[in-house]
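Notes to accompany the following structure.
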Amino acid sequence: ELEALNTGDDGRFRTQELPEGKYTFTVKADGYKDGACDATLLKGGADAQTDCPLEALPRVGTIVGHVRDAETMAAVPNAVVKITDSQSKPLQVTADSNGAFRFEGVAPGTAQMQVDADDYLTFVMPTDVKVRQEVNADPVIRHRPKQGLVTVGKTEITIKQQIQFALDQAVILP
């Protein structure tokens, strides 16, 4: 059994002198699926050439998370979680009974997440997706008020209660 070998910049490797016979090389490289290739060495010690093609892993990421209630931090089951990835591809899942959700195969870059659940306000947030990494996104959603505090008319929007925002942020303070 051979120890680990490293390739040069051109992907070639050389072993120490080996006796004749059939050999299987297991090849591992970051960003690729593991591969294997065979080589048969003949009498006389001549060099043997073998090609060990590797398949690149997909350049995508994963988003996981839990939908939670803003007041109690309890799980919000059956929330509909939608994302639009950086390639404008829409994806949708329904959170399980623990509020958990998972998106796989998401293009890297900024994805927009939208969460909808009965009796809750729609929640929207950006999420940065990294290649071959799992990103945790835990949306915290607020109950829809029993009485609406905003009226939208043809020419105006009326807000019935003062709203305070966090400084330099699009975050509403309690």
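What the table shows:
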{"quantity": "Of all residues in region 149-164 being modelled with pLDDT under 85 and under 19 Å from residue 71 (Cα atoms), the one that is surrounded by the fewest Cβ atoms within 10 Å (Cβ to Cβ)", "calculated": "163"}
{"quantity": "Extreme residue, farthest from residue 60 (Cα to Cα), among residues of region 119-146 that are among the charged types (D, E, K, R) and free of Cβ contacts under 8 Å to residues at least 24 places away in the same chain", "calculated": "146"}
{"quantity": "Number of the condition not met by residue 171 [criteria: (1) touching a Gly at 6+ places or on another chain (Cβ under 9 Å); (2) surrounded by fewer than 12 Cβ atoms within 10 Å (Cβ to Cβ); (3) within 20 Å of residue 73 (Cβ to Cβ)]", "calculated": "(1)"}
{"quantity": "In region 6-54, residue farthest from residue 131 (Cα to Cα) [restricted to those that are free of Cβ contacts under 8 Å to residues at least 12 places away in the same chain and aliphatic (A, V, I, L, M)]", "calculated": "46"}
{"quantity": "Qualifying residues in region 106-141 (those that are at pLDDT 95 or above and in contact with a Leu (Cβ under 8 Å, 6 or more places away or on another chain)) - the one nearest to residue 66 (Cα to Cα)", "calculated": "141"}
{"quantity": "Which numbered condition residue 31 misses (of (1) open to solvent by 90 Å² or more (accessible area, probe 1.4 Å); (2) in contact with a strand residue (DSSP E or B) (Cβ under 7 Å, 6 or more places away or on another chain); (3) farther than 30 Å from residue 150 by Cβ)", "calculated": "(1)"}
{"quantity": "Residue 88 vs. criteria farther than 30 Å from residue 33 by Cα, part of a loop (DSSP other than H, G, I, E, B) and either in contact with a helix residue (DSSP H, G or I) (Cβ under 9 Å, 6 or more places away or on another chain) or open to solvent by 50 Å² or more (accessible area, probe 1.4 Å) (or both)", "calculated": "no"}
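Residue by residue, here is whether (1) part of a loop (DSSP other than H, G, I, E, B); (2) open to solvent by less than 40 Å² (accessible area, probe 1.4 Å) holds:
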{"site": "4", "(1), (2)": "yes, no"}
{"site": "12", "(1), (2)": "yes, no"}
{"site": "23", "(1), (2)": "no, no"}
{"site": "38", "(1), (2)": "no, no"}
{"site": "45", "(1), (2)": "yes, no"}
{"site": "50", "(1), (2)": "yes, no"}
{"site": "53", "(1), (2)": "yes, no"}
{"site": "65", "(1), (2)": "no, yes"}
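The values are calculated or read from the model by the stated rules, or taken from the named source; none is laboratory data. Values in this document were obtained by computation on a predicted structure and should not be read as measured data. For neighbour counting, all protein chains shown are included, and Cβ atoms are generated from backbone atoms with ideal geometry for every residue, glycine included. Side chains are part of the model used for accessible areas, which takes the heavy atoms of the whole protein and leaves out ligands, DNA and RNA. Shrake-Rupley method; radii C 1.70, N 1.55, O 1.52, S 1.80 Å.
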